[in-house]
Amino acid sequence: MSDDLSKLVAEAVGVEAAGWDLAGVIPRDLLRTLGAQGVLCAEVPAALGGRGLTSLRNGELTAATGALCSSLRSVMTSQGMAAWTIQRFGTREQRAEYLARLTGGELAAVAFSEPQAGSDLAALGTRIRPDGDSVVVDGHKVWSTAAAYADHLVVFGRFGDGAAAVLVPATTPGVRVEKVADPLGCRAAGHAGLVLEGVRLPAANVLSGTSQPLGLLTTIALSYGRMSVAWGCVGILRACLRAAAAHAKSREQFGKPLGRHQLVARHLAELLVAEQTATRVCEHASRCWDDRSAELTQAVVLAKHVAAGNAARGASVAVQVLASAGSQDGHVVARAYRDAKLMEIIEGSNEISQLMLAERVLEGVA
Ligand code: FAD
């Protein structure tokens, strides 16, 4: 079924990705249509209105999307992460209501990061305060992907003696959505900051209704995001490989195709190695996800770290192979170069991933 869904995405994107990137926006109606087809959070179980894809099949769908448009893939990551957070932490009623909405065309974004809490989410300052049958949310979030499109904001904050995620309709009084101007990459992903001032909501909007350990809450939500970003990087690498191969075959210099010059051929080999190793670590992590393996957390961090690094280096190599032909806004490798760099920052930067992996080594688990 992921092949059918990939076709739906390819038809929806057509030749528009470069134009969306330049304009910094994807038509919202198109996102709603893809959302209503269950494409944006395809792992939601069929019993809850979704497509019920395994992590592996959804990974291939995510890679196919990432190869076409990293902005759309970013929206997909946010929608999937919101759905996963609701599925894992929501009550039966919350799952039934909100997953039906997210598979019915409504859009969601996830907000952890704050001005003083980037890599260090333990510094989170947003507060969710009980007040009778309501809760009141105050805080400031930054760089929430897809928030400029979202109907629902999944906002993480301090709650009781722990933390919680609360479902905030984007039009609630006290919510201000401020779009990030001119991001380096994934320019049409709708990144926005959120100002939340005295936002009053029914207490039933707090997922699970109880407080959770902050680390548990963020790790579970971010695991989905890491998995999705990793597969998106596989897509970036596949797009770069295709573009570099086509150019190296068709462009001639010094009397022969570029690909027949050994130093250029080495670039192609490096790109293939990058794509293949990223694919294998992602497949392994998705199998761990589908098998509910104890190795899951490490496998997902490893996949994200390897795939993001490979994508950033691979996109740079692809620009090198195309040279001036790939050096303009609108070209697939120019876009990949900008998009891939951001993948080394989000869902746990390279350094934070390395610290997490090193911790496993020190614990003697890896
Ligand atoms: P900092 O935490 O200030 O880090 C700066 C640098 O220092 C980094 O290189 C970092 O790796 C390094 N560093 C920090 N601490 C350590 C340490 N202990 N040891 C070694 N190195 C360290 N947030 C959301 O909540 N939702 C989203 O949907 C979302 N989407 C995003 C999309 C994009 C394109 C971007 C750029 C960001 C997004 N973010 C999102 C925010 C993202 O999660 C943060 O940017 C990220 O966690 C890093 O935080 P920071 O930018 O504040 O960098």
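Coordinate-derived values only; no laboratory data. Please read all numbers here as calculations on a predicted model, not as lab measurements. FYI the Cβ positions are ideal-geometry reconstructions off the backbone, even for glycines, and counts take in every protein chain you see.
Summary of values
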| quantity | calculated |
| --- | --- |
| Amide H within-cut-off set for ARG51, under 5 Å, with H built and near neighbours excluded | VAL44 |
| Acute angle (nearest 10 degrees) that the helix 350-363 long axis makes with the longest principal axis of the chain, alpha-carbon atoms | 80 degrees |
| Value of [θ]222 nm, deg cm²/dmol, for the chain, DSSP H segments ≥ 4, -39500 (n - 2.57) each, nearest 500 | -17500 deg cm²/dmol |
| Distance in nm between pseudo-label sites at LYS249 and GLU178 (7 Å out along the Cβ direction from Cα) | 5.0 nm |
| Packing-based exposure ordering (other Cβ within 10 Å, fewest first) of SER250, SER353, SER208, SER78 | SER250, SER208, SER353, SER78 |
| Karplus 3J(HN,Hα) series, Hz, for region 100-113 with 6.51 cos²θ - 1.76 cosθ + 1.60 (x for Gly, Pro) | 5, 5, 6, 8, x, x, 7, 10, 9, 10, 10, 10, 9, 5 |
| Space enclosed by the convex hull of the alpha-carbon atoms of region 215-362, per residue, Å³ | 107 Å³ |
| Modelled FRET efficiency - R0 25 Å, SER293 with ALA47, Cβ distances, 0.05 increments | 0.60 |
| Spatially proximal lysines relative to LYS141 (Cα-Cα < 25 Å; intrachain offsets below 8 disregarded) | LYS179, LYS304, LYS341 |
| GNM result for the chain, Cα springs below 10 Å: residue of GLY157, GLY66, GLY52 fluctuating most strongly | GLY52 |
| Percent of alpha-carbon pairs separated by more than 14 Å within region 279-330 | 60 percent |
| Net charge of Cβ neighbours under 9 Å - reference VAL301; Lys, Arg +1; Asp, Glu -1 | +3 |
| Rounded, prolate or oblate (a/c below 1.5 giving rounded, otherwise prolate when a/b exceeds b/c) for region 101-155 by Cα gyration tensor | oblate |
| Linear extension gain, ARG280 paired with LEU8, 0.36 nm per residue minus alpha-carbon span | 95.4 nm |
| Estimated FRET transfer efficiency when R0 is 30 angstrom, pair LEU30-ILE220 (beta carbons, to 0.05) | 0.50 |
| Distance in nm between pseudo-label sites at GLU197 and ALA366 (7 Å out along the Cβ direction from Cα) | 4.5 nm |
| The chain: antiparallel DSSP beta bridges as a percent of all, rounded to 5 | 85 percent |
| Degrees between helix 332-343 axis and first principal axis of the chain (Cα, 0 to 90, nearest 10) | 40 degrees |
| Hypothetical label at GLU359: residues of region 210-235 whose amide nitrogen lies under 20 Å (7 Å Cα-Cβ projection) | 212-230 |
| For ARG200, distant residues with modelled amide H under 5 Å away | VAL137 |
| Label-zone membership for region 201-215, site ARG127, 7 angstrom Cα→C-beta point, backbone N under 19 Å | 201-203, 206, 210-212, 214 |
| Rh by Kirkwood over Cα pairs, then Stokes-Einstein D for region 109-212 at 0.692 mPa s and 37 °C, µm²/s | 241 µm²/s |
| Under 5 Å, built H, 5+ apart or other chain: amide partners of ALA192 | TRP143, SER144, THR145, ALA146, ALA147, ALA148, VAL180 |
| DSSP loop trypsin sites (Lys or Arg not before Pro) with at most 15 other Cβ within 10 Å excluded, longest remaining stretch of the chain | 1-250 |
| Per-residue ³J(HN,Hα) for region 55-67, Karplus 6.51 cos²θ - 1.76 cosθ + 1.60, θ = phi - 60°, Hz, x for Gly and Pro | 4, 5, 5, 5, x, 5, 4, 5, 5, 4, 5, x, 5 |
| Rounded, prolate or oblate (a/c below 1.5 giving rounded, otherwise prolate when a/b exceeds b/c) for region 168-240 by Cα gyration tensor | oblate |
| Inter-centroid distance (Cα atoms) of region 330-352 relative to region 208-282, Å | 10 Å |
| Alpha-carbon gyration tensor eigenvalues x 5, square-rooted, for the chain, Å | 36, 21, 19 |
| Per-residue HN-Hα couplings for region 238-253 [Karplus 6.51, -1.76, 1.60; θ = phi - 60°; Hz; x = Gly/Pro] | 5, 5, 5, 4, 4, 5, 5, 5, 4, 5, 5, 7, 8, 8, 10, 9 |
| Cα gyration tensor shape for region 278-366, rounded if a/c is under 1.5, else prolate or oblate | prolate |
| With Cα atoms, 0 to 90° folded angle of helix 70-89 axis to the chain main axis | 30 degrees |
| Residue order, fewest to most surrounding Cβ atoms within 10 angstrom, among GLU197, GLU344 | GLU197, GLU344 |
